[in-house]
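Right, one structure below, let's go through it.
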Amino acid sequence: MKILIFNSYTTGQKHKLDNPLSAEDCSSSDKLKARIKELCGFNAEGWYDKSKDYRLPADEMFTGPLFVQLREGLNQIREHEHYGKNIIDLYFPWYYCRVDGKQIPVNEKDIVIPFDTAPLHELDVLEFDDSGVPERTVELLESYDLVFSLLRPDDIESLQRVFEVERSVQLVFLLPKSQRKAVNEDLQNVHVVETGRDLQKGLRTSNYALKGVVMRRLCEAACRDGFQVFEDVKNDPQRLIEIVLN
């Protein structure tokens with residue numbers, strides 16, 4: 001089984017800069033290229049300074065509590081002897097921070113630069129247009145058997161055209177009850193598994209780390225009880241809570 005985790009960016013980043021990539025930097029392609037070049041350690045004349053090179057693979061850049069827990073789970077399952085027949089990939093939806101300039105979701109191994117995550121909360125809805133971005137995102141999701149969304153409601157709203165497309169893959173959104181309305185559960189193969197205070201207490205974790213802990217516990221269950229737990233969740237997404245609390 002091929003599994004995708006779609007995760008929001010976190011403010012916790014390894015490089016804490018006063019001038020990370022900002023929304024204003026993304027206002028034109030030329031300005032974006034210049035700022036990416038600068039944050040990769042090159043000045044306007046093209047001279048390189050290693051001390052000002054802040055690029056990292058995405059899985060090394062983010063340091064927030066959710067991501068720390070998620071990374072721990074992924075590390076455990078990828079070291080398991082049966083990993084390979086079943087794989088788990090991690091992607092982030094927004095691409096402006098990519099060093100290569102590609103307009104596609106960011107894989108955990110893609111190289112990114114530090115950026116201000118606040119403007120991501122105010123993104124417009126991505127429409128099907130000449131950019132091709134929603135189409136490429138749909139294509140990515142459709143290449144998996146099971147997708148877990150750890151996205152925030154504002155991310156989901158901006159990507160709503162992507163989630164509205166008729167699909168065969170099961171989408172499982174982790175959201176507290178108060179945010180459940182962000183997802184149209186009438187759509188085919190769309191499911192919401194509620195997180196929230198009760199689950200937080202049951203897992204003895206913070207609200208910030210909760211979704212990461214859920215995924216870590218799911219990975220631990222797969223290592224302990226067998227990889228069929230992912231098939232169980234695919235067939236009945238609500239089993240996820242039972243599995244992670246066991």
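The values are calculated or read from the model by the stated rules, or taken from the named source; none is laboratory data. The model shown is predicted, which means the values in this text are computed figures rather than measured ones. Neighbour counts run over all protein chains shown; Cβ positions are idealised from the backbone, glycine included. Side chains are part of the model used for accessible areas, which takes the heavy atoms of the whole protein and leaves out ligands, DNA and RNA. Shrake-Rupley method; radii C 1.70, N 1.55, O 1.52, S 1.80 Å.
Computed values, structure above
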quantity: Heavy-atom accessible surface of segment 1-154: percent carbon and sulfur, 1.4 Å; calculated: 50 percent
quantity: Kirkwood Rh, Cα atoms: Rg over Rh of the chain; calculated: 0.97
quantity: Modelled FRET efficiency - R0 25 Å, residue 206 with residue 15, Cβ distances, 0.05 increments; calculated: 0.60
quantity: Paired Rg and Dmax values of segment 138-203, which use every Cα atom, in angstrom; calculated: 12.2, 37
quantity: Shape category assigned to segment 31-103 from the gyration tensor of Cα positions, a/c cut at 1.5; calculated: prolate
quantity: Size of electric dipole in segment 38-195: Cβ of Lys, Arg +1 and of Asp, Glu -1, about Cα centre, debye, nearest 20; calculated: 440 debye
quantity: Computed over the chain: relative contact order in percent, which uses C-alpha pairs under 8 Å that are six or more apart; calculated: 23 percent
quantity: Relative contact order (%) - criterion: Cα under 8 Å, at least six apart; region: segment 104-246; calculated: 17 percent
quantity: Distribution of pairwise C-alpha distances over segment 20-59, 10 Å bins, in %; calculated: 31, 50, 19, 0
quantity: 25 °C / 0.890 mPa s Stokes-Einstein diffusion coefficient of segment 164-234, Kirkwood radius on C-alpha pairs, µm²/s; calculated: 182 µm²/s
quantity: Segment residue 29-residue 135, extension gain: residue separation times 0.36 nm, minus the distance between their alpha carbons; calculated: 36.1 nm
quantity: Computed label-point distance, nm, for sites residue 42 and residue 60 using a 7 Å Cα→Cβ extension; calculated: 2.0 nm
quantity: 0 to 90° range, to nearest 10: angle between helix 65-78 axis and the chain longest Cα axis; calculated: 70 degrees
quantity: For segment 1-135: lysine pairs under 23 Å (alpha-carbon distance), excluding those fewer than 8 apart on one chain; calculated: 29
quantity: Restricting segment 106-189 to GluC sites (Glu not before Pro) in coil, as DSSP defines it, with at most 13 other Cβ within 10 Å; calculated: 127, 166, 185
quantity: Per residue accessible area in Å² of the chain, where ligands, DNA and RNA are left out and the probe is 1.4 Å; calculated: 51 Å²
quantity: Relative compactness, segment 51-151, computed as alpha-carbon Rg over 2.2 N^0.38 Å; calculated: 1.18
quantity: Principal semi-axes in Å for segment 96-209 [√(5λ), Cα gyration tensor, largest first]; calculated: 25, 19, 14
quantity: Segment 1-87: relative contact order in percent, alpha carbon pairs under 8 Å with at least 6 residues between; calculated: 38 percent
